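Worksheet: the structure to be examined is printed underneath.
The values are calculated or read from the model by the stated rules, or taken from the named source; none is laboratory data. The structure presented is a predicted model; accordingly, all values stated were derived computationally and were not measured. Heads up: the accessible areas ignore ligands, DNA and RNA and are worked out on the full protein's heavy atoms, side chains in. Shrake-Rupley method; radii C 1.70, N 1.55, O 1.52, S 1.80 Å.
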Amino acid sequence: MSEKIDRRKFLKGASVGSLSVLALGGLATTAKAQTSEPASKKQPHYALVFDQNKCIGCGLCVTTCNEVNELPPGQSRLLLERQMVDGRRRYVRVSCQQCEDAPCVQVCPTAAAHYDPVFNVVTMDIDRCVGCKYCIAACPYNVRFINQATLAADNCDFCLQNRLSKGEDPGCVSACRHDALVFGDLNDENSYINKLLAVKDSVRIRPYLGTRPSLRYIPIVKKGV
């Protein structure tokens, strides 16, 4: 199953038909270079890697996300954008980029959009949200929305309440049968995600914006390359 999204501007200005041209700011670096703070004092920095070479567009990630987070029919925290690359159908994950410098957090007048103090991911306090949509307008990735069940702004927060806080991977990661998603803590130098990023070329969406997205994408490896 695939879902062609109405958020076509997600890749505008950063991609021409393939995620492989997104390396506008160079290849992604491993987290070890991000800070010199002693490891014992670091907050976690959770990140997600999406491998475009492995995703087949089955949609299990989307379905599981919707179920785990009890989203209303017709609404999703993540979608798959379908592309054609060298005559082959490929997919790109479209979801909250979990920016380290998140514009949505900066503009929220009630602090409803915030970084969780324990897990350090961008999430929402629905009791504080007044539905002003400032965060939606500020998001340069067009991935935030008003949840029709809670009437509050919503975003992918790695299933914070339902899974991450219990020591479990996000629902989408657990559901993926093709190892297209890898999740982990970039501040843990021994984590698998760090080891993967050390040997795989990866890119971020629109790195020139300075938001420092925590989603990394492993682009298509073209035939003959």
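Listed values, structure above:
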{"quantity": "Proximal aspartates and glutamates relative to K222, as straight alpha-carbon distance under 20 Å, when same-chain residues fewer than 8 apart are discounted", "calculated": "D51, E81, D86, D179, D201"}
{"quantity": "Among the listed pairs K54/K166; K42/K200; K54/K195; K42/K133; K133/K166, those beyond 23 Å (Cα-Cα)", "calculated": "K54/K166; K42/K200; K42/K133; K133/K166"}
{"quantity": "Backbone HN-Hα couplings from phi across region 169-178 [Karplus 6.51/-1.76/1.60, Hz, Gly and Pro as x]", "calculated": "5, x, x, 4, 5, 5, 7, 5, 8, 10"}
{"quantity": "Portion, in percent, of the accessible area of region 87-133 that falls on carbon or sulfur, probe 1.4 Å", "calculated": "49"}
